[in-house]
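The values are calculated or read from the model by the stated rules, or taken from the named source; none is laboratory data. What you are looking at is a predicted structure, and each value in this text was computed from that prediction instead of being measured. With ideal geometry, Cβ positions are generated from the backbone for all residues, glycine too; neighbour counts draw on all protein chains shown. These accessible areas exclude ligands, DNA and RNA; they are computed on the full protein's heavy atoms, side chains included. Shrake-Rupley method; radii C 1.70, N 1.55, O 1.52, S 1.80 Å.
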Amino acid sequence: MKSPSADLSDAWNPLVPLDDPYPVYRRLRDEAPVHHDERLDLWALSRFDDVQAAAKDWETFSTSIGGRGNDIDDTFQLFLPAGDLAGVDPPVHTRLRGALRMAFSPSALRTRFEPIVRRKVLELIDTFAGNGRADFARDLARPLPGTTMFSWFGFPETDHPELLAWFGEMLERDAGVAALPARALAGRDRMRAYMQSAAAERRRVPREDLMSFLVAANDAGQISADELLGSSMLLFVAGITTTSGLISNSLLHLARFPDQRNRLRDDPSIMAGAIEELLRYDAPIQALARTTTRDVALHDAVIPAGARVGLVWASANRDERRWKDPDRLDLTRPVQRHVSFGDGIHHCLGAPLARLEAGIVFEELFRRIPEYAVAGPIARIKTPTDRALESLPVEF
């Protein structure tokens with residue numbers, strides 16, 4: 001007879017995204033809250049309390065030891081050389097986050113970006129509002145955070161289509177394979193070369209943009225040259241993927257549950273809580289991994305020191321031990337802290353920007369297009385830890 005963990009490994013392969021992973025996550029929580037996948041030598045935590053505690057305990061569940069990044073596949077090779085904020089622990093993390101905190105404060109983001117985001121949202125909606133059909137992923141959810149990040153970095157609008165194409169290459173994966181395919185690395189290399197060139201240009205002629213901010217931090221000795229490039233790549237990719245996932249997943253679920261969409265459309269006062277519920281219901285980052293620095297005894301299992309441990313954010317957010325009826329989308333649900341943006345010192349620095357962009361999309365889209373329906377097969381991006389739509393065809 002197979003053990004629960006062996007049976008679950010047949011149902012859940014972290015490298016192969018499922019269209020609906022949530023029934024499997026329920027099995028993980030109920031049958032094997034400490035699950036060991038022998039194929040990947042990966043341990044998985046799936047209950048909210050366990051995932052949150054591990055996320056907060058960076059000294060035991062490290063992001064930086066072992067030189068293996070903190071992702072389940074090899075995605076974090078995309079940010080090499082070293083220096084990305086998500087792949088280091090204190091004291092390096094403290095220094096890097098301190099250097100970036102001012103640029104990412106909620107007040108600074110709202111003051112600087114709300115007008116830019118609203119203008120771009122209106123421009124994007126204008127391109128399809130009169131057509132009666134659109135692809136909300138390709139026409140809205142993907143280009144909005146992309147052009148927002150490009151504008152923040154100070155990249156010319158004429159370069160945006162090429163940058164988006166390279167970003168698309170970076171998301172390419174071969175199902176079930178941890179190593180990145182050559183096309184993803186080629187997109188990474190093009191993006192890195194562009195970033196290096198932009199940094200060199202800002203060093204000659206500084207501007208009022210994020211790249212100039214990072215160059216100034218490098219010149220002041222706050223971050224190294226490798227950290228400048230690594231953090232730039234991380235901010236760029238994470239800033240697009242997470243927000244694109246939040247917006248595209250949400251628009252899909254609001255089509256599937258029109259009563260919830262109508263409630264949000266008719267009562268914008270629930271916007272902030274609705275965004276938290278949408279994040280809880282379908283996390284744009286499903287899981288990330290850590291490496292243990294010591295043996296950890298949990299739920300009658302012992303995770304050895306040096307083990308890779310997947311923190312399954314999306315499962316934790318559906319834990320029945322924390323939320324009543326967690327598989328139901330309820331935009332008026334009382335807000336409780338979720339882990340869609342992680343927790344502890346590695347809580348996502350760009351979370352306020354993702355929330356801002358999503359809120360403006362919902363406000364402006366439902367004003368112009370109050371009702372819509374999915375009009376064809378959807379397609380998801382191929383990365384195993386990210387959950388976002390590549391295609392969401394709709395008609396209205």
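Structure above, values below:
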{"item": "Accessible surface, per residue, of the chain when the full set of protein chains is kept, probe 1.4 Å, Å²", "result": "40"}
{"item": "Cβ-defined net charge surrounding residue 49, 15 Å radius [Lys, Arg +1; Asp, Glu -1]", "result": "+1"}
{"item": "Loop-resident sites, the stretch 123-225, for GluC sites (Glu not before Pro), counting at most 12 other Cβ within 10 Å (DSSP)", "result": "208"}
{"item": "Neighbourhood net charge (10 Å Cβ-Cβ; Lys/Arg +1, Asp/Glu -1) for residue 378", "result": "-2"}
{"item": "Whole-angstrom gap from the stretch 354-396 to the stretch 272-308, using each part's C-alpha centre", "result": "26"}
{"item": "Rounded percent of accessible protein surface that carbon and sulfur make up, the chain, 1.4 Å probe", "result": "53"}
{"item": "With all protein chains modelled, accessible area of residue 271 [1.4 Å, Å²]", "result": "20"}
{"item": "Rel. contact order, % - alpha carbon contacts under 8 angstrom, at least six apart, the chain", "result": "28"}
{"item": "Dipole moment magnitude, nearest 20 debye, the chain about Cα centre, only Lys, Arg, Asp, Glu C-beta charged", "result": "660"}
{"item": "Tail fraction, Cα-Cα pairs, the chain, threshold 30 Å, whole percent", "result": "39"}
{"item": "Computed [θ] at 222 nm, helices only, for the chain once each DSSP H run of length n ≥ 4 contributes -39500 (n - 2.57)", "result": "-15000 deg cm²/dmol"}
